[in-house]
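Worksheet: one structure, shown below.
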Amino acid sequence: MDRNGIPLAVRLSAANAHDSTQLLPLVDAIPPIVGPRGRPGRPRKRPAKLHADKAYDYPALRRALRARGITPRIARRGIDSSERLGRYRWIVGRTLSWLLGFRRLGIRYARRADQLQGLLHLACALICLRFLAPTTA
């Protein structure tokens, strides 16, 4: 997700799959960034940096992110405190709570992966719609 909490890409995985195995396919699924025209140089295809917690602290992931032109901001296990991530992590927690606000995702009525993937994409589209058309009351 971006710094506003808008999901950029989503991926459905098994409950017993480690998060670090899903990072690179998820980064590759992010669509190209469309910026303002007229700026010099090649337009960016991916985000400039990625914030992650200690679960993603592997040298191979750091190298793969740098090879893609992304600066990894990953907390190091045994060295960095989890408290420093708070200013960025609350955005992730807020977006996950928005997703779980859709009851069918939170309770998981759908047992088939294709149905759950469709509900997940629909929930992300509705979250993006809230940012595009805010309610005026």
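Note down all Cβ pairs under 7 Å where the first residue falls in region 1-20 and is in a loop (DSSP other than H, G, I, E, B), the second is of a type in the set (D, E, K, R), and they're at least six residues apart or on different chains.
GLY5/ARG94; LEU8/ASP2
Give the residue that is modelled with the lowest pLDDT, with candidates limited to residues of region 96-137 that are in a loop (DSSP other than H, G, I, E, B) and surrounded by 13 or more Cβ atoms within 10 Å (Cβ to Cβ).
ALA110
For region 1-23, enumerate the residues that are surrounded by 13 or more Cβ atoms within 10 Å (Cβ to Cβ) and small (Gly, Ala, Ser).
If the condition is that a residue be surrounded by 13 or more Cβ atoms within 10 Å (Cβ to Cβ) and small (Gly, Ala, Ser), then GLY5, ALA9, SER13, SER20 are the ones that fit.
Restricted to region 24-43, and to residues that are assigned to a loop (DSSP other than H, G, I, E, B), of a type in the set (A, V, I, L, M) and surrounded by 11 or more Cβ atoms within 10 Å (Cβ to Cβ), which residue is modelled with the highest pLDDT?
ALA29
The values are calculated or read from the model by the stated rules, or taken from the named source; none is laboratory data. Worth saying up front: this structure is predicted, and the values here are computed from it rather than measured. Virtual Cβ from ideal backbone geometry, glycine too; neighbours counted across all protein chains shown.
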